[in-house]
Amino acid sequence: MKDPMLQKVLTDKENLVRILDNLSEGIIAHDNERRILFFNRAAEDTTGFKREEVLGRDCHEAFGGPFCGVKCSFCGNPPPHLGTLHYPLNILTRDGKPRRIEMTVTEVKDGEGNSFGVIAAFHDITDLISLQIRTGELKSFCGIIGRHESMLQIYSQIRELARTSYPVLITGETGTGKELVASAIHDESRRNGCPFVPINCAALPETILESELFGHVKGAFTGAVRDKKGRFELAHGGTIFLDEIADLPKFIQAKLLRVLQEGSFMRVGGEETCSVDVRLISATNRDIKHEIKTGNFRDDLYYRINSVPIHIPPLRERKSDIPLLVDHFLSKAAEEGQNARGISNEALDIMIGYYWPGNIRELQSAIRFAVVKSKGRIIKPEHLPIEVKEWQENRVFRGTYRKLNHESVREAIAKTGGNKTRAARLLGVGRATLYRFLADTPDVS
């Protein structure tokens with residue numbers, strides 16, 4: 001039986017407002033026409049908007065755009081069945097400061113079961129994430145796994161870059177997760193309601209790359225049977241990610257430079273100028289400064305795309321993250337219906353000791369291989385890929401290592417200008433042996 005006094009308190013509007021105003025969570029309620037019906041004190045504190053500024057107004061007008069960004073369910077017709085949604089969200093306060101919030105949106109129904117709006121509860125986790133990064137407690141961020149010091153610095157960079165639209169150049173070896181970092185920058189920014197459009201510049205032949213990037217008009221070339229938008233137009237308002245940008249042909253580099261300078265271009269075969277608002281994030285696993293010296297890359301374009309650089313370290317330089325990544329990929333395998341009971345300490349030790357030339361992508365493939373080989377049992381050394389097992393077996397026989405020491409390796413690398421293949425030849429060992437020595441003694445390189 002309900003307490004009549006409690007019923008009176010809850011049905012009295014002033015009392016209810018007083019209760020909701022004393023919550024630490026922000027509360028926003030609006031009807032199916034997006035008219036804001038309630039806005040509590042915590043919502044004011046988090047967003048910087050006052051309730052008298054927003055009450056009774058369309059939330060899109062009040063906040064200058066969908067408060068929920070791309071996750072807004074009321075940009076068109078109200079959804080027939082909303083239920084309850086949970087998601088993280090990046091917002092800008094009234095004075096333009098970025099904040100990260102956790103949002104819960106719940107459908108509100110009348111006594112007859114008809115939906116008449118939503119109530120959204122949210123709390124600010126901006127400072128919590130900053131604290132977790134500073135203390136090293138954060139194990140993952142935006143789908144990126146790792147808590148090595150170098151990764152925590154990258155998380156901080158991502159959050160800082162999310163506040164701007166400056167071009168970003170991401171460098172790192174193949175398989176380190178450059179696209180994942182680019183996607184995280186986009187997702188953390190206010191552009192996350194617009195498209196993230198990736199393209200691998202090395203995967204497409206020159207003959208179609210220009211059309212893929214900038215589009216074409218009907219009749220521009222054989223097979224152009226209709227007008228087609230390019231990736232830049234498709235990314236309007238959002239982010240375009242050019243992976244392996246060092247592979248762009250020189251004539252496309254010139255066209256890209258114009259887009260960055262003027263925000264405009266012409267489709268292949270076209271005469272009209274197309275204007276776009278796009279953030280460029282690019283990536284490469286090559287030394288672009290070397291490409292400039294050899295005449296393969298424009299130096300003026302390099303300075304445009306390299307406003308803010310991010311370097312992703314190879315997996316061998318953050319081996320403390322390998323157990324986290326192994327657990328993550330085992331969980332992913334389980335979601336795909338491929339279960340393993342876990343991994344033995346012996347197998348994990350081998351994986352931590354391995355060089356991982358293919359980085360995280362190779363580690364994921366190794367886990368998939370081991371899960372299948374283990375047939376649902378504990379993953380043991382014999383279940384690992386052959387190259388990982390052979391690496392461990394070769395490490396047992398260190399006869400050739402007697403030729404190597406810190407001083408001789410440093411001297412050889414210095415003499416060859418950092419060319420490890422020539423350094424190995426100078427030392428009288430195989431290239432693989434030198435790489436193993438460097439992996440075991442990273443302070444040398």
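Less than 5 angstrom separates the built amide H of residue 297 from those of 292, all sequence-distant by 5 or more or on a different chain. Over all pairs of different C-alpha atoms, the range 80-185 has a mean inverse distance whose reciprocal, the Kirkwood radius, equals 16.3 Å. Pairs of Cα atoms in the range 265-398 fall into 10 Å distance bins, from 0 up to the last occupied one, in shares of 10, 29, 21, 17, 16, 6, 1 percent. For the chain, evaluate the Debye formula with one uniform point scatterer on each Cα (no solvent term) and list log10 I(q)/I(0) at q = 0.09 Å⁻¹, rounded to two decimals. For the requested q values the scattering log ratios are -0.81.
Annotation: peptides 94-106, 369-381, ranked by per-residue average of other Cβ atoms within 10 Å with the highest first, follow the order 369-381, 94-106.
Taking amide hydrogens as placed 1.01 Å from N in the peptide plane, the amide H of residue 197 sits under 5 Å from those of 239, 240, 241, each at least 5 positions away in sequence or on another chain.
Would you mind ranking 19, 154, 292, 245 by Cβ crowding within 10 Å, fewest neighbours first?
19, 292, 154, 245
For the range 195-331, the normalised intensity computed at q = 0.11, 0.17, 0.18 Å⁻¹ comes to -0.49, -0.95, -1.03 (log10 of I(q)/I(0), Debye sum over alpha carbons, equal scatterers, no solvent). Just so you know, the Cα atoms of the range 15-124 work out to an Rg and Dmax of 13.2, 42 Å.
Assuming R0 = 45 Å, what is the FRET efficiency of residue 202 and residue 407, from their Cβ-Cβ distance, to the nearest 0.05?
Numbers: r = 39 Å, r/R0 = 0.87.
Calculated transfer efficiency: 0.70.
Each principal axis of the Cα cloud of the range 101-253 was evaluated for its coordinate range; sorted largest first, these ranges are 61, 52, 24 Å.
The angle between the Cα long axis of helix 250-262 and the longest principal axis of the Cα atoms of the chain comes to about 30 degrees, rounded to the nearest 10.
Only the coordinates and a few stated rules stand behind these numbers; no lab work does. The shown structure was predicted, so the numbers you read here are calculated from the model rather than taken from an experiment. Note: ideal-geometry Cβ built from the backbone for every residue, glycine included; neighbour counts use all protein chains shown.
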